[in-house]
Amino acid sequence: MRKKILQQKAKIVANKKVGSAYFEMILAAGGISRAAYPGQFVQVKVSDSCQPLLRRPLGIHRVSGANIFLLYEVLGPATKILSQRKSGEFLDILGPLGNGFDYRAANTEHRTPILVAGGMGVAPLLFLAERLNKSQVLIGARSKEQVLCEKEFKKLGCSVKIATDDGSRGFKGKAADLLNSFLRLAISNKRLAIYACGPRPMLKEISKISKNYRIPAQVSLEEHMSCGIGACLGCVVNTKAGFQRVCKEGPVFCADEIIWR
């Protein structure tokens, strides 16, 4: 599943605000767009100076022709700099990196995909939804103002359910709680497959749920990454096969492979 890693000077096609602190950037990166696989990411050098020193990992949100889409939240100095970059400028990017979702079984075995996103976890799942047959999508957010990509999933023919922590929209609770509620009402859990991305506590809970219902699940881990290519060993997680690098062996793992703490 791993593709050849490319380094490109990618032209910024657009960089638009899509929420209170959320931006969508479109980059012309033909080589990376052709090689990209759902669940993979790119390492972005946000400025031409040496500050910040490290690149920032961003999941590939969508691919359209020679363009890749990146969805990101402004949380610190690096993403603030990124949000200020203009159309026509160039960014040095490295990718596609990591191992993505293995969605072939869901299509060949005619399993109904359930995509579970917590917060910014929607970023790689839209790309995945484009490659799957019509999916059931569960989106979790803190409030209705922070629900992301609902319209985009619906345009793909996905059925979408919303969960908010404060109950301001849809189901009141976490995305994992919504998944549990959904599965209790499912006609047959034998023909389902779960794909999830979001905060670690959510993924840990989804791993338990998938085990209880005996549904195969893949989770995309969100870990701090420095190099993004497996050299620094700064993003290792404990698995049944030993310690593995999220940026290299992941970020997508089978949920039952992770030793959760």
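Table for the structure above
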quantity: Residue ID - surrounded by the fewest Cβ atoms within 10 Å (Cβ to Cβ), chosen from residues in the range 50-69 that are out of contact with any Phe, Trp or Tyr (no Cβ under 6 Å at 6 or more places or on another chain) and more than 11 Å from A28 (Cα to Cα); calculated: C50
quantity: Subset tally (residues that are outside any strand (DSSP E or B) and among the hydrophobic types (A, V, I, L, M, F, W, C)) for the range 49-78; calculated: 7
quantity: Yes/no for P38 being buried (at least 22 other Cβ atoms within 10 Å of the Cβ) and outside any strand (DSSP E or B); calculated: yes
quantity: Residue list for the range 178-232, filter: in contact (Cβ under 8 Å) with a residue 12 or more places away in the chain, surrounded by fewer than 19 Cβ atoms within 10 Å (Cβ to Cβ), among the hydroxyl-bearing types (S, T, Y) and within 24 Å of R104 (Cβ to Cβ); calculated: Y213
quantity: Qualifying residue in the range 192-205 (condition: in contact with a strand residue (DSSP E or B) (Cβ under 6 Å, 6 or more places away or on another chain), part of a helix (DSSP H, G or I) and farther than 10 Å from I114 by Cβ); calculated: yes
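The rows are residues; the columns are (1) basic (K, R); (2) at pLDDT 95 or above; (3) within 19 Å of the chain's Cα centre (by Cα); (4) within 14 Å of L138 (Cα to Cα).
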residue	(1), (2), (3), (4)
S159	no, yes, yes, yes
S168	no, yes, no, no
F171	no, yes, no, yes
K174	yes, yes, yes, yes
L178	no, yes, yes, yes
S188	no, no, no, no
I206	no, yes, yes, yes
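For (1) in the same structural domain as G234 (by TED's automatic domain parsing); (2) surrounded by fewer than 15 Cβ atoms within 10 Å (Cβ to Cβ); (3) not polar (S, T, N, Q), each residue gets a yes or a no:
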| residue | (1), (2), (3) |
| --- | --- |
| L71 | no, no, yes |
| L75 | no, yes, yes |
| L82 | no, no, yes |
| K86 | no, yes, yes |
| T112 | yes, no, no |
| L125 | yes, no, yes |
| A129 | yes, no, yes |
| L132 | yes, no, yes |
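The values are calculated or read from the model by the stated rules, or taken from the named source; none is laboratory data. As the structure is a computational prediction, the values presented were derived from the model and not from experiment. Cβ coordinates were reconstructed from backbone atoms using ideal geometry, including for glycine residues, and neighbour counts include every protein chain displayed.
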